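Participant: Could you have a look at this structure, given as structure tokens, before my questions?
The values are calculated or read from the model by the stated rules, or taken from the named source; none is laboratory data. Since this is a predicted model, take the numbers as computed values, not measurements. When the accessible area is computed, the model is the full protein with side chains, heavy atoms only, and any ligands, DNA or RNA have been set aside. Shrake-Rupley method; radii C 1.70, N 1.55, O 1.52, S 1.80 Å.
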Amino acid sequence: MNAPWEPGATGVLRLPSGRLVRGRGLRRPLPEGQPPTFGLYLLGHEPPAVDWDSRWIRWPDFRLPSDRTAAAEALLEAWERAATDRVEVACGGGRGRTGTALACIAVLDGVPADEAVSYVRRNYDSRAVETPWQRRFVRRFRP
């Protein structure tokens with residue numbers, strides 16, 4: 001098992017189970033400290049290579065994932081790996097797509113789907129999940 005994220009570190013979301021997942025914006029520098037051991041990247045184009053395991057979901061800015069089945073599988077993988085790995089979820093700015101993905105991961109962790117956006121806004125970023133269709137995606141998310 002890898003050392004977990006520091007609970008108070010920038011962007012780290014504690015899920016009800018105690019799992020820690022870091023959200024961030026890729027337009028900002030990589031935070032100091034331990035690097036991720038798994039990254040889930042949500043971009044409209046393939047991200048640059050990283051030195052850790054990663055997965056890319058085609059997800060254009062302010063939109064929804066291009067392949068919702070692949071997105072659900074990737075979100076489940078991120079949640080599962082958060083039990084033992086330092087999982088990072090990131091998009092360009094770290095709010096809309098990242099917040100939406102974190103809210104879906106919270107649903108996988110047991111947060112009711114209709115409360116997941118509020119949970120992420122309270123515990124990660126008050127402006128997470130930016131569009132009405134992203135909020136609807138979370139409410140309808142089923143693993």
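Participant: What are the residues in region 28-43 that are at pLDDT 95 or above and either closer than 16 Å to GLY99 by Cα or open to solvent by 70 Å² or more (accessible area, probe 1.4 Å) (or both), if any?
Facilitator: Once the filter is applied, which keeps residues that are at pLDDT 95 or above and either closer than 16 Å to GLY99 by Cα or open to solvent by 70 Å² or more (accessible area, probe 1.4 Å) (or both), region 28-43 yields GLY39, LEU40, TYR41, LEU42, LEU43.
Participant: Looking only at residues in region 10-26 that are modelled with pLDDT of 95 or more and more than 11 Å from the chain's Cα centre (by Cα), which one is farthest from ASP109 (Cα to Cα)?
Facilitator: Ranking the qualifying residues of region 10-26, first place goes to LEU26.
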